[in-house]
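Peer 1: Once you've had a glance at the structure underneath, I'll fire off some questions.
Any read-out appearing in this document is the output of simple, stated calculations on the displayed coordinates, not a laboratory observation. Every value quoted in this text rests on a predicted model; they were computed, and no experiment measured them. Methodologically, a virtual Cβ is constructed for each residue, glycine included, from the backbone with ideal geometry; neighbour enumeration extends over all protein chains shown.
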Amino acid sequence: MSNLTKVPNSLEQHWMPFTANRHFKANPRLIVGAKGMYYTTHRGDQVLDGSSGLFCVAAGHGRREIAEAVHEALTELDYAPPFQFGHPVQFELSRRIAALTPGDLNHIFYTNSGSESVDTALKIALAYQRVRGEGQRQRLVGRERSYHGVNFGGLSVAGMVNNKKAFGLGLPGVVHMRHTHLPEHTFTFGQPETGAEIANDLQRLVDLHGADSIAACIVEPIAGSTGVLVPPKGYLKRLREICDQHHIVLIFDEVITAFGRTGEHFGSDAFGVVPDIITMAKALTNGVVPMGAVAVSDRIYDTVTNAVPETAVELFHGYTYSGCPVAAVAALATRDIFAQEQLVERAAKMTPKFLEGLYAFKDLPVVTDIRGYGMLGAMDLAPTEAPGLRGLAVMQQLYDAGLMVKLTGDSVLISPPLVSEDKHLDELFGKLREVLKTQ
Ligand code: PXG
């Protein structure tokens, strides 16, 4: 029996993240194996992965190509320092990612997570404004109901109250736009027709605080964690216009939407709007090794790097594991799988069936709203006596029935791997219905 399958003697010492620890430890859900579309639990049950892990396992579990690449790196180049030294795979991976990113976002900075990607992006935006002589631009604009990870920068610009309220005030000078989900959008299929004018909140913040105080504006093209809020038609384009007008750096947080989730490489492609910076993580390595990346425009990269003498460090930022060999080879192997198996095209082809299955739940009284775009969907369940209680119970019932999806509060988030076949989607929605119809 390997360490992965041995049931632990004690659960007490491990403080689990974003988990109701006491509830979990009374009735643990341990995963001991994963292959293709399924997990194996410590009880020996098979559980269908309806959420790509946490939106990351796009190419399915247990990919041999990634395992072999990681094994090779571990035996041939386990580590190389990333500051003032490099290794070849980082550069090749950057070339490959830059070939996919929209517009002139041709420069890739590595991190170890989505949270670090967000904080890196915010810091690059601030540094850029400073070197172009606008160092007084220190304000960051976020949005209600957004998730930008858990580090202090991302937490400050984010807008999900439970993630913020225990942790103080965050960065000074952060302001928020309203979220884009209007009551009239309930059960809207895909992008809402109304609501583009909510982007004018950014103009209002400019009018209130002065453009010369604002460094950057960060949004998820589709707000993921909060329950898949799809942008109204024209909304992102309007944000882009306002940013252009006032020299505000526009950051798209694509930690969930990058790498095919929308049926395009990036959410930016799906909605036809090119930001100045894109953050990514999750599907970058298929979830196998922690890695994040930040794609930066030529203009920002050139401005920052050319601002100092050739021998000087231009950006005092980076991580011990930025682009480390194991992560880089895992990401490269993942890119190969995406290309060979045309996973982005496959996601686009599968989207109609996925969305049809998702919106079919409109008939259940417990379902109060459905939203979806590409291979990403959510449905809200009517809460019971306290918010989140039904969500927790439904998650357990689904798990017992052999389906894992992500529950956030009383919202069910669904994002199956992009290698899903029709039969998997049928199984996913079948099991979901089995449980939801009893609610
Ligand atoms: N930005 C976005 C848009 C994300 O969705 C992060 C940043 C942070 O990534 P890291 O790698 O630091 O976790 C995320 C992460 C959920 C859920 O249940 C979502 C995320 C992570 C865990 C759970 O919706 N998104």
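Peer 1: Only Cα pairs under 8 Å and at least 6 apart count here; give the relative contact order of the chain as a rounded whole percent.
Peer 2: In percent, rounded to a whole number, it is 22.
Peer 1: Please work out how many pairs of lysine residues in the stretch 67-340 are eight or more positions apart (or on different chains) and have Cα atoms closer than 25 angstrom.
Peer 2: 5
Peer 1: Going toward the positive end of the dipole of the chain, with +1 on Lys and Arg Cβ and -1 on Asp and Glu Cβ, which of Ala34, Ser117, Leu315 do you reach last?
Peer 2: Selected residue: Ala34.
Peer 1: Have a look at Ala270, Tyr128, Ile248 and report the one farthest towards the positive end of the charge dipole of the stretch 67-340, computed about the Cα centre with Cβ charges (Lys/Arg +1, Asp/Glu -1).
Peer 2: Result: Ile248.
Peer 1: Quick check for me: using +1 on Lys/Arg Cβ and -1 on Asp/Glu Cβ, what's the dipole size of the chain about its Cα centre, in debye to the nearest 20?
Peer 2: Working: 40 positive and 47 negative charges, 186 e Å.
Using only the charged Cβ atoms, the result is roughly 900 debye.
Peer 1: Kindly provide the Kirkwood hydrodynamic radius of the stretch 91-147 in Å, to one decimal, from all pairs of distinct alpha carbon atoms.
Peer 2: Here the Kirkwood hydrodynamic radius works out to 13.3 Å.
Peer 1: Per DSSP H run of at least 4 residues, take -39500 (n - 2.57); add these up for the chain, divide by its residues and hand me the 222 nm value, nearest 500 deg cm²/dmol.
Peer 2: Roughly -11000 deg cm²/dmol at 222 nm, from the helical runs in the chain.
Peer 1: Could you work out how far apart the two model spin labels at Leu392 and Glu72 are, taking each label as a point 7 Å from the Cα in the direction of the beta carbon, and quote it in nm?
Peer 2: 4.7
Peer 1: Shifting gears a bit: Can you work out the Karplus-derived ³J(HN,Hα) for every residue in the stretch 346-351? Use 6.51 cos²θ - 1.76 cosθ + 1.60 with θ = phi - 60°, whole Hz, and x for glycine or proline.
Peer 2: Karplus-based 3J(HN,Hα) across the stretch 346-351 equals 4, 4, 5, 5, 7, 3 Hz.
Peer 1: Any chance you could run the full-extension gain for Leu171 through Asn9? It's 0.36 nm times the residue separation minus the Cα-Cα distance, nm to one decimal. If you can, show how the numbers build up before the last one.
Peer 2: Numbers: separation 162, 0.36 × 162 = 58.32 nm, distance 4.17 nm.
Full extension from Leu171 to Asn9 adds 54.2 nm.
Peer 1: Would you mind getting me the FRET efficiency between Glu184 and Glu241? Use the beta-carbon distance for r and R0 = 35 Å, nearest 0.05.
Peer 2: 0.90
Peer 1: What net charge is computed for the residues neighbouring His247, neighbours being all others with C-beta under 14 Å from the C-beta of His247, Lys and Arg scored +1, Asp and Glu -1?
Peer 2: Net charge around His247: +1.
Peer 1: Further, regarding this structure: Please list, ordered by chain and number, the residues whose modelled amide H lies under 5 Å from the amide H of Val150; skip anything fewer than 5 residues away on the same chain.
Peer 2: Amide H neighbours of Val150, under 5 Å, 5+ apart: Ser115.
Peer 1: Same structure again: Between Thr368 and Lys349, what is 0.36 nm times their sequence separation minus the Cα-Cα distance? Round to one decimal in nm. The partial results should precede the final answer.
Peer 2: Numbers: separation 19, 0.36 × 19 = 6.84 nm, distance 2.76 nm.
Stretched out fully, the Thr368 to Lys349 stretch lengthens by 4.1 nm.
Peer 1: GNM, the chain, Cα, under 10 Å: largest mean-square fluctuation among Ala382, Ala307, Ala333?
Peer 2: Ala307
Peer 1: So, one more: Can you tell me what share of the DSSP beta bridges in the stretch 205-334 is antiparallel? A percent to the nearest 5 is fine. Mind showing how you got there, number by number?
Peer 2: On the way: 5 of 12 bridges.
Antiparallel bridges make up about 40 percent of those DSSP assigns within the stretch 205-334.
Peer 1: For the stretch 290-296, what does the Karplus curve 6.51 cos²θ - 1.76 cosθ + 1.60, with θ = phi - 60°, yield as ³J(HN,Hα) per residue in whole Hz, taken in order and with x for Gly and Pro?
Peer 2: So the J values, rounded to whole Hz, are x, 6, x, 8, 10, 9, 10.
Peer 1: Show which lysines lie in cross-link reach of Lys35 when reach means a straight Cα distance below 17 angstrom and same-chain residues fewer than eight apart are skipped.
Peer 2: In chain and number order, the partners are Lys423.
Peer 1: Listed here are the pairs Lys349/Lys431; Lys25/Lys437; Lys353/Lys437; which of them are more than 32 Å apart at the Cα?
Peer 2: Too far apart for the 32 Å limit: no listed pair.
Peer 1: Using the Karplus curve 6.51 cos²θ - 1.76 cosθ + 1.60 with θ = phi - 60°, what ³J(HN,Hα) values do you get for each residue of the stretch 35-42, in whole Hz, with x for Gly and Pro?
Peer 2: Computed from phi, the couplings for the stretch 35-42 are 8, x, 9, 10, 9, 10, 8, 5 Hz.
Peer 1: Here is a follow-up. Would you mind counting up the charge near His148? Only other residues with Cβ under 9 Å from its Cβ, with Lys and Arg at +1 and Asp and Glu at -1.
Peer 2: -3
Peer 1: Now for a different question. State whether the chain is rounded, prolate or oblate according to the following rule on the C-alpha gyration tensor (a ≥ b ≥ c being the square roots of its eigenvalues): a/c under 1.5 gives rounded; otherwise a/b larger than b/c gives prolate, and the remaining case gives oblate.
Peer 2: Oblate shape, in that a/c is at least 1.5 and b/c is the bigger or equal ratio.
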